[in-house]
Structures are given as structure tokens and as C-alpha cells.
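Report on the following structure.
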Amino acid sequence: HAAMALDKAGYEVVIFDNLSTGHEEFMHFGKGVVGDLADKNALTDLFDRHDFAAVMHFAAHAYVGESVFEPAKYYRNNVVNTLNLLEVMKAHDVGCFIFSSTCATYGDPVQLPITETHPQNPVNPYGRTKLAVEWMLRDFDRAYGMKYCALRYFNAAGAAPQEMNAGIGEIHTPETHLIPLVLQAALDPGKTVKVFGTDYDTRDGSCIRDYVHVCDLADAHILSMERLFAGEASTVYNLGNGDGYSVKEVIDCAAKVTGRDIAVQASPRREGDPATLVGNAEKARHELGWKQNFSSLDAIIGTAWDWEQSLG
């Protein structure tokens, strides 16, 4: 989605992906290069062949549960491989880096909504690897003048609207995100959506999360990059809606959007799930002029539903 937004804005795009979780058929907004951040020779060759103005980095492992049981995999890819990328950027004098960070760097909230000044105390290896990169970026800025924006997403959701004919959307194996799981259950009456915890101190007992549309996230990446091009200092931004929706509210909204019954199963809480995670994105709105085109849950789920149906 970021490549699509960049292409639409007139930028030349090169996508570097090892396709371990990506999809080659989605690499049609720009030039696709298959390669791995672990291979510094491949990275060096890539940077030798192109005069890059900026790098947007999305290539992290991102399953929280997996990170607990396979932390080495997460530190190797999310931290060591990012260091490879930064070193090759430095060697080629590329000084603009847009980092896909996460609200998981905050850990359990001590205040809501969460602002960028909230303490960062991640509770899982995934969040710790993202925080390690944020610290690395601060040090690279201080030592080498490499400018960055770290974008701390809340829950990315949705897909490019059908009228764009983009042919891109959310496909994960395994799928762990709530909205696609709910929509897959809407498509298949044999599937059940598990609600992990129904006794939280929330309005309906289920967890509350902040959902932000993927196209709005992509717009924020371009705005952040252009802010650095204009000579502004490195910084961080929360990217979220500022509105929280419970698991049960997401399921109810999906049932309304799809017009289908969705089977639900109450399940025990998952360890480490905070009751509520809602972000404050006023800094991005004020400094970047970031505006959300898909702010309502209905609109977010509607685009995701169109995508799920298109998969057949």
C-alpha cells in the first residue's frame, strides 16, 4: 500500500523483499527485487545500482506470540538485519529513513490515550526488537546525521478500496489479525471467532483496540518522508484513530457490514493482553497535516470485506 501511494504521488519505487511473507504478485507498484536484508552483498549491489533518496522499512517479523517462543528469529531479522540496511545506507550516503515501528514499544499503558511521550516498556520480544531499532536510529542520527521518522502504528486494518483496482490486501499465514479472522468467519459458517477474554474492565468485557486504515498509514509515510526532505529533525509519530473498539464491537460491526451471522466462542484471556490500547495521533495531525480518509470502523471493515470476497 505504501508503494502504491508513492507511485501515485510520482515517486520511483524499488521494492526489496525476500517473499518469506510477502507476495510477488503485489510487487507491481514499482520495480520488484527479490533479496534478503541478511545479505549485505545483495543490499550493496542494490544501492550501487540505484540513487535512493529515502528508505521505508517494513521487513520485520511481527507475530507477538511467536516472538516469545522464537526470540532469536526476531532479534536476528528485526535488529541485526536492520543494522545491515542502515550500514549500507550510510555507506551510500542515504540519509532518510522511515521506520515501521509499533505501539508494542509502549507495553502496558499507564495512561490513555497513549501519546508519544508515554514510557516505553515493551512486554514481549517483538516490541523490544522494535524499540532496539528506535534506539539505533537515535544513535545513527547523532553520530552520522541520518534522519528518521519512527511511525508507531496501532492496529493496521483494511485494504485499498475496490474502485482503485489495486489488487492488494491482507493475506497472512497464519492469520492472527482480528478483522480478517472475523470476515473469514462471515464467509465460512464453519469458522468460529474466538473472543479472548470477556471479563476485562471495559464496557462489554472484551479488549479494546485502536484500528487505523492501511491507506491512511501509507499517506503518513509519504508525509513523514517529505517532512525529512524539507530538512526537519528526526521524530516519532503515533498512527491511530484515537477511538477504541472492543472485540465484540468489531464483530457486531462486521455482521452489519456483511449482513451475515458470525459464530463466536468465548475463550480465556491471552497472557499479556492489556484491556485497552488507544493512541493519540494529534502530533501527526498537527505536524504532518495527516488526515484520515477511513476513520470509521464501518469504512475500514467495508474495504477489508471487499478484499476478502475478491479472494474467492
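Annotations
- Highest-fluctuation residue, N78, N121, N238 considered, GNM on the chain with Cα pairs under 10 Å: N121
- Cβ charges +1 (Lys, Arg) and -1 (Asp, Glu), total dipole of the range 1-115, debye: 200
- Each Lys and Arg adds +1 at its Cβ and each Asp and Glu adds -1 at its Cβ; summed about the Cα centre, the range 180-264 shows a dipole of about 280 debye.
- Expressed per residue, the C-alpha convex hull volume of the range 70-194 stands at 173 Å³.
- Site pair R203 and L19 shows an inter-label distance of 4.6 nm when each label is modelled 7 Å from Cα along Cα→Cβ.
- Percent carbon-and-sulfur accessible area, the range 75-165, ignoring ligands, DNA and RNA, probe 1.4 Å: 50
- Paramagnetic reach from A233 in the range 274-294 [backbone N under 17 Å; point 7 Å along Cα→Cβ]: 283-284, 287-288
- Paramagnetic label zone (point 7 Å from Cα along Cα-to-C-beta, A72; backbone N under 19 Å) in the range 25-41: 38-39
- Note on M164: accessible area is roughly 90 Å² with a 1.4 Å probe, heavy atoms of protein only.
- Relative contact order computed over the range 212-312 (Cα-Cα under 8 Å; 6+ residues apart), in percent: 46
- Within the assembled protein chains, the solvent-accessible surface assigned to F16 is about 50 Å², based on a 1.4 Å probe.
- Largest first and in whole Å, the equivalent-ellipsoid semi-axes of the range 187-312 read 32, 19, 11, each the square root of five times a Cα gyration tensor eigenvalue.
- For the range 204-312, applying the loop criterion from DSSP together with a ceiling of 12 other beta carbons within 10 Å to the GluC sites (Glu not before Pro) yields E271.
- Each Lys and Arg Cβ is given +1 and each Asp and Glu Cβ -1; about its Cα centre, the chain then shows a dipole of about 480 debye.
- In the elastic network of the chain, a GNM with C-alpha springs shorter than 10 Å, the most mobile of R269, R49, R128 is R49.
- Taking 24 Å as the limit for the C-alpha separation, the pairs K8/K291; K73/K147; K8/K130; K31/K283; K40/K90; K90/K130 exceed it in the case of K73/K147; K8/K130; K31/K283.
- Accessible carbon and sulfur surface of the range 221-283 relative to its total accessible area, %, 1.4 Å: 46
The values are calculated or read from the model by the stated rules, or taken from the named source; none is laboratory data. As the structure is a computational prediction, the values presented were derived from the model and not from experiment. We place every Cβ from the backbone using ideal geometry, glycine too, and count neighbours over all the protein chains shown. Surface accessibility is based on the protein's heavy atoms, side chains included, excluding ligands, DNA and RNA. Shrake-Rupley method; radii C 1.70, N 1.55, O 1.52, S 1.80 Å.
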